[in-house]
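Here's the structure we're looking at; comments come further down.
The values are calculated or read from the model by the stated rules, or taken from the named source; none is laboratory data. Note that this is a predicted model, so its numbers are computed, not measured. No Cβ is skipped: glycine too gets one built from the backbone with ideal geometry, and neighbour counts run over all protein chains shown. These area figures cover heavy atoms from the full protein model, side chains too; ligands, DNA and RNA do not enter into them. Shrake-Rupley method; radii C 1.70, N 1.55, O 1.52, S 1.80 Å.
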Amino acid sequence: MRGHRFRIVKEPKPVGADLAILHTDCTIADDEYVGLSSHFEHAVNFIKDISKRKVSKSLLARTDAWSGRVIVKSDLNYGGAVEVRRNEEAQKRGLPIPYPGAEVKPSYDIYDSIDAAPDAVWEDRGLVVEKFLPELDPEGYATRTWVFMGDKWSCMRHVSTEPIVKARGIVKSERIEPSPEIFEERKRLGMDFGKFDYVEHEGRTVLLDANRTPGIPNVPRRIRRIEGRNIADGLLGILKGR
């Protein structure tokens, strides 16, 4: 990449490098990987935990005095699918299960109140309950997506007719400037590279999800090249100590 060499290392062992990126799609990274950060001058995203319980400021307990709607999500990213897959791989190889009790919970459920959420939701440690704080738009609901690497980033606002904004339901997208408060959320979580999904609810920035391994968006090749160069510039900035 631009005259720099790189290699992919799959084991938790120190290697000679000017910069290292912890690029794992598991929600909670193993300590043996996170602990490698001290071996490198520039260590990117050696973050242990990006679960909803770690990331969210909108979590609710059953006894909280909240009168609005609530949303139920998986505590793990991608609905726990990554952890379940790793468990299955380990089982086939006769190895210990790395994520005991992990289950796939892909759906998002919205209820009118705390009391309307079923007992099973509160008893399931694989789920979290949050305040439902949507960003309303004349055409429906909006979500903002901020992808960043070092001092470079891009931010999009997507509008859907559905309260859960997913790619298949998007009716409008536009490039925007990231909200000032979202930089503070990035600082709180200590992330150098990733994707944040957030909303602006009644003038307040609400972080919904943090992802340390963002994928390539389904956009035209020309835009993907631009975004790729942007991320490369940010990575080189980290290497140069910007």
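Over the chain, dividing the summed -39,500 (n - 2.57) contributions of all DSSP H runs of at least 4 residues by the number of residues returns a 222 nm mean residue ellipticity of -6500 deg cm²/dmol. Ligands, DNA and RNA are left out, and with a 1.4 angstrom probe the accessible area of the chain is 59 Å² per residue.
Candidate membrane-span-like segments in the chain, meaning DSSP H helices with Cα atoms spread over at least 24 Å of their own axis and a Kyte-Doolittle mean of -0.5 or above, are 221-239, with no membrane implied.
Each label point was placed 7 Å from the Cα along the Cα-to-Cβ direction; for LEU136 and ASP151 their separation is 4.1 nm.
Return a single number: how many Lys pairs in the stretch 108-208, at a sequence separation of 8 or more or on separate chains, have alpha-carbon atoms below 20 angstrom apart. Taking the Cα cut-off of 20 Å, the pair count is 6. Taking the Cα centre of the chain as origin and assigning +1 to Lys and Arg Cβ atoms and -1 to Asp and Glu Cβ atoms, the resulting dipole is close to 1260 debye. Once the Cα-Cα distance is subtracted from the 0.36 nm per residue extended length, the ASP115 to ARG225 segment shows a gain of 34.8 nm. When the chain is treated as a Gaussian network with alpha carbon springs shorter than 10 Å, the biggest mean-square fluctuation among LEU207, LEU19, LEU76 belongs to LEU19.
Compared with the alpha-carbon gap, the fully stretched path from GLU11 to THR24 is longer by 3.5 nm at 0.36 nm per residue. Our coupling estimate for the stretch 24-30, obtained by passing each phi through the Karplus curve with A = 6.51, B = -1.76, C = 1.60 and θ = phi - 60°, is 10, 8, 6, 5, 10, 7, 5 Hz, Gly and Pro reported as x.
With 0.36 nm allotted per residue and the present C-alpha distance subtracted, the ILE97-ILE164 stretch has 20.9 nm of extension available.
Let me know the shape class of the chain, please: from the alpha-carbon gyration tensor, a ≥ b ≥ c as square roots of the eigenvalues, rounded when a/c is under 1.5, otherwise prolate if a/b is greater than b/c, or oblate. It comes out oblate by the Cα gyration axes. Among ILE223, ILE97, ILE182, the residue with the largest mean-square fluctuation in a Gaussian network model of the chain, with springs joining Cα atoms closer than 10 Å, is ILE223.
Using a Gaussian network model of the chain in which every pair of alpha carbons under 10 angstrom is joined by a spring, one finds that among THR27, THR161, THR143 the greatest mean-square fluctuation is at THR161.
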